[in-house]
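What follows is calculated from the coordinates using simple rules that are stated; it is not laboratory data. Keep in mind that this is a model prediction, so the values were computed, not measured. Every residue, glycine as well, gets a Cβ built from its backbone with ideal geometry; the counts of neighbours run over all protein chains shown.
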Amino acid sequence: MGGVRLRPMAAGDVDAALDVLAEVAAERRWLGTEAGFDRAERRERFLAGLEDPAATTLLVEEPVSGRILGSGRVHVARYGVAGLGMVLRGEARGRRIGGMLLDGLVDTARALGAHKVELQVWPHNEPAIRLYLSRGFVVEGRIRRHYRRANGQHWDAILMGLLLEGALRDEEPTTPDGVPLPDAAVLPTTLALR
């Protein structure tokens, strides 16, 4: 991508990454994090995350100026699913930088041993949803009025996932005793709601 590069975040980058987070959080539209977050607490979380072997944070940087335009993180849970989150400054949006960052994060999740990547996105974030769909993510559900915002509203979130090719064996899931698990789509409503 002309003029930008991806690289792993280092301890010396944390304050610049927090600046990006604060800038986008102040928009109160794209992130779960809103303006006024505890910067010192978040700084400690970022630093601790750098020590986590199951996680990687990538930065989008303008190499000449060193300006950080965005960041993204993947964390692979014990069960092999990588949670993904990313943030871009307004000036970086619509320039195909988000796609470059997303591709780098998916590749990183694969390298960390994930078999699937999951994320959540606001329903009104149509550009992000289009980007995720273009990379093979599918909508897996919606959680309704799940997140309480600072203004008292409760926002829905769309759940999306991407199965990583070559990471899954083609087999039906079973219990430890070998009994096939039912597909949630065919469960009676009373069972599916438990």
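Summary table
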read-out	value
Boolean, Ala35 is under 22 Å from His124 (Cβ atoms), of a type in the set (A, V, I, L, M, F, W, C) and in a loop (DSSP other than H, G, I, E, B)	yes
So Arg78, is it under 20 Å from Gly49 (Cα atoms), in contact (Cβ under 8 Å) with a residue 40 or more places away in the chain and out of contact with any strand residue (DSSP E or B) (no Cβ under 8 Å at 6 or more places or on another chain)	no
Exclusive hit being of a type in the set (Phe, Trp, Tyr) and either within 17 Å of the chain's Cα centre (by Cα) or on the phi > 0 side of the Ramachandran plot (or both), set Phe37, Phe46	Phe46
Some residue of region 5-16 being more than 17 Å from the chain's Cα centre (by Cα), at negative phi, of a type outside the set (Ser, Thr, Tyr) and assigned to a loop (DSSP other than H, G, I, E, B)	yes
Members of region 97-120 that are in contact (Cβ under 8 Å) with a residue 40 or more places away in the chain, within 23 Å of Ala26 (Cα to Cα) and not polar (S, T, N, Q)	Ile97, Leu101, Leu119
In region 95-134, the residues that are charged (D, E, K, R) and either under 16 Å from Ala55 (Cβ atoms) or surrounded by 15 or more Cβ atoms within 10 Å (Cβ to Cβ) (or both)	Arg95, Asp107, Arg110, Lys116, Glu118
Count - residues of region 68-98 that are more than 21 Å from Glu23 (Cβ to Cβ) and not in a strand (DSSP E or B)	4
